Amino acid sequence: MKKEFSGDLGNALQFLACPADEAECRMLKKAMDGIGAQANVIFAIMTGRTNSEMERIKRTFFKLYTKDLGKRLAGELHGDMERLIFNCLQAGEEEYDPQYHTKEKALEDAEEVHKKGQGKFFGTDERGIYKILCAAPPEHIENINQAYADKYGYTLMKALEKELGGNAEKASVHMIGMKLKPYPTIAKLVKSACAGIGTDELLLTTCIVRYQTVMKDVMTAHIEEYGKSIHDRVREECGGKYKSVLLAALNAVWPEEG
């Protein structure tokens, strides 16, 4: 396939032809090849994952490339972005336990996040914030978010936007979004791939291929939020056989009328 097809079309066909875990590893490698890593593709795959999913990705990456995923990422990422991704890489999300993850615990964690961020006199303790948020299961994140909003007047996402910047901010907000409202969060990611001047084809392809199993829910969220289908975005942003392949992938789970 590599010899016959290249570029965006080749990537799409290759990803679609692979089992899910292998496809994601190939997406990661593609995002890390060349000069400068494509951080948005990396955080789209590495954040918001279950522990078992993360362990499978690490095993599959080593099986495909005989290289440790963590070491490869360490060579591509820096600063806060690296800290977040390496917290996710540990696959340390706690199993939800209502006896432990209480409303009191949520308030305690919300206060700790504020103390390490907005409430810190100088600088931000990103490591401490990531440790709390990466370990918290979705149900607990929801309670932390509510406790934070009740006490400080704005949501956890808004707090991260205030404290962080660049790719670290986008990745952190995406991670929280995947724990709180995954389908609107994925829909937003698709939109971001088509925003501005030029299309981010690798991110767009990654979204459409990676989220095939939940695309019906993502499509519903996208239409409700933006008033258009993902098919519409593909037609507006892509061309040729590449467009046809993406539309075929979308129609496999959300057939268009006519």
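The values are calculated or read from the model by the stated rules, or taken from the named source; none is laboratory data. Here the structure is a predicted model, which means the values were calculated and not measured. All Cβ positions, glycine included, derive from the backbone under ideal geometry; neighbour counts span all protein chains shown. With ligands, DNA and RNA removed, areas are computed over all heavy atoms of the protein, side chains included. Shrake-Rupley method; radii C 1.70, N 1.55, O 1.52, S 1.80 Å.
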Taking the Cα centre of the chain as the origin and placing charges on Cβ (Lys, Arg +1; Asp, Glu -1), which of Ala249, Leu28, Val209 is farthest toward the positive end of the dipole?
Leu28
Using every alpha carbon pair in the chain, what percent of pairs falls into each 10 Å bin from 0 up to the bin containing the largest distance?
7, 29, 34, 22, 7, 1, 0
log₁₀ of I(q)/I(0) at q = 0.17, 0.18, 0.20 Å⁻¹ - the range 1-121, Debye sum with one point per alpha carbon
-0.94, -1.01, -1.15
Taking a probe of 1.4 Å, how large is the accessible area per residue of the chain, in Å²?
50
Virtual spin-label span in nm between Thr124 and Glu95, 7 Å along Cα→Cβ
3.3
Just need log10 I(q)/I(0) for the range 62-210 at q = 0.15 Å⁻¹, Debye formula, equal scatterers on the alpha-carbon atoms, no solvent, rounded to two decimals.
-0.87
What number comes out for the charge environment of Tyr183, summing +1 per Lys or Arg and -1 per Asp or Glu over other residues with Cβ under 14 Å away?
+3
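What percent do you get for the relative contact order of the range 200-258 when only Cα pairs under 8 Å and 6+ apart count?
Details: 29 pairs, mean separation 24.1, N = 59.
Relative contact order of the range 200-258: 41 percent.
Can you pull the percent of the range 126-256's accessible area that's carbon plus sulfur, 1.4 Å probe, other chains left in place?
Working: 2840 of 5760 Å².
The C+S portion of the solvent-accessible surface of the range 126-256 is 49 percent.
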Classify the range 122-230: rounded, prolate or oblate, from the alpha-carbon gyration tensor (a ≥ b ≥ c, eigenvalue square roots; a/c under 1.5 rounded; otherwise prolate if a/b is larger than b/c)?
prolate
Calculate for the chain the 222 nm mean residue ellipticity that helices alone would give, adding -39,500 (n - 2.57) per DSSP H run of length 4 or more and normalising by residue count, nearest 500 deg cm²/dmol.
-21500 deg cm²/dmol
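In whole percent, what relative contact order does the range 107-202 give with Cα contacts below 8 Å and a gap of six or more residues? List each step's numbers first, then the result.
Details: 66 pairs, mean separation 20.8, N = 96.
Result for the range 107-202 is 22 percent.
Could you calculate the contour length gain from Asp150 to Ile197, that is, 0.36 nm times the residue separation minus the distance between their Cα atoms, to one decimal place in nm?
This chain segment gains 13.1 nm when fully extended.
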Packing-ranked peptide list from 106-112, 22-28, 227-233, 33-39, highest mean Cβ count within 10 angstrom first, is 22-28, 106-112, 227-233, 33-39
Relative contact order as a percentage, the chain, C-alpha pairs under 8 Å and 6+ apart, gives 20
Gap separating the Cα centres of the range 1-67 and the range 198-218, nearest whole Å:
13
Over the range 172-258, one equal point on each Cα, no solvent: what is log10 I(q)/I(0) by the Debye formula at q = 0.14, 0.17, 0.21, 0.22 Å⁻¹?
-0.43, -0.65, -1.00, -1.10
Please give the contour-minus-distance gain from Tyr65 to Glu53: 0.36 nm per residue of separation, less the Cα-Cα distance, rounded to one decimal in nm.
2.5 nm
